[in-house]
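Scroll down for the structure; my scribbles are underneath it.
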Amino acid sequence: MINPISALSANLGTPQRSFLWQVVFPNIIGGGGDTTSLLLRAQTASLPERSQGVITVPFQQGPALQIPGKLTYPHTWDVVFVEGEDSLVMSSFYGWAQQMVNDQTNIAGGDFADISTTALFQLISADGSTVTSGYTFNSIWVQKIGQVGVDYENQAIIKIPITFQYQSWFISNGPAATS
């Protein structure tokens, strides 16, 4: 009889760790600062979601035929960043948001290509040496800089939730996906 644990171990190899990943913004819109520091400050994120709609085709008196339908994305992606005393996270994403609509002038900035960019979400090997798989977000932009509570009674660090909008994503495997 096959031992299920040893079979799984042989088949799986090294499991991907949920804590070995990075978010890479090759270009922060609006001159948003040091992209390497932002990469290190991303604290929580998730793999992107994708689903297929269903087209139901009725047929006579029997059960309907179910076939794959329209591809759908939620078009939002949430990432939480740890803020430093240098305010790099807030200034980077606030600067990006200012490029879209300036708070002082209420004027939108340029073409869509000027306010959106590409972002990479990469999973990293257990030894930290290579990118094992990646996800590329196309035409991503800052939709929301979330509210951050501060509290005299709490000694926690500031975490800034950012919600991004994107047009599409695709799997970009391996080291070639790095910026």
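The values are calculated or read from the model by the stated rules, or taken from the named source; none is laboratory data. On a predicted model such as this, the values are computed, not experimentally measured, just so you know. Glycine gets a Cβ as well: all are built from the backbone with ideal geometry, and neighbour counts include every protein chain shown.
Points to keep in mind about this one:
- In the set (1) β-branched (V, I, T); (2) in contact (Cβ under 8 Å) with a residue 40 or more places away in the chain; (3) assigned to a strand (DSSP E or B), V89 fails one condition alone, (3).
- Counting only strands (runs of 3 or more DSSP E) wholly contained in the range 109-179, the ones carrying 1 or more residues that are in contact (Cβ under 8 Å) with a residue 24 or more places away in the chain and in contact with a helix residue (DSSP H, G or I) (Cβ under 8 Å, 6 or more places away or on another chain) occupy 117-124, 131-145, 159-165.
- Among residues of the range 1-27, those that are in contact with a Ser or Thr (Cβ under 9 Å, 6 or more places away or on another chain) and either at pLDDT 80 or above or assigned to a strand (DSSP E or B) (or both), counted: 5
- Filter pass, L40 being under 22 Å from the mean Cα position of the chain (by Cα) and assigned to a loop (DSSP other than H, G, I, E, B): no
- The single condition from (1) over 29 Å from E85 (Cβ atoms); (2) surrounded by fewer than 11 Cβ atoms within 10 Å (Cβ to Cβ); (3) among the charged types (D, E, K, R) that D151 fails is (1).
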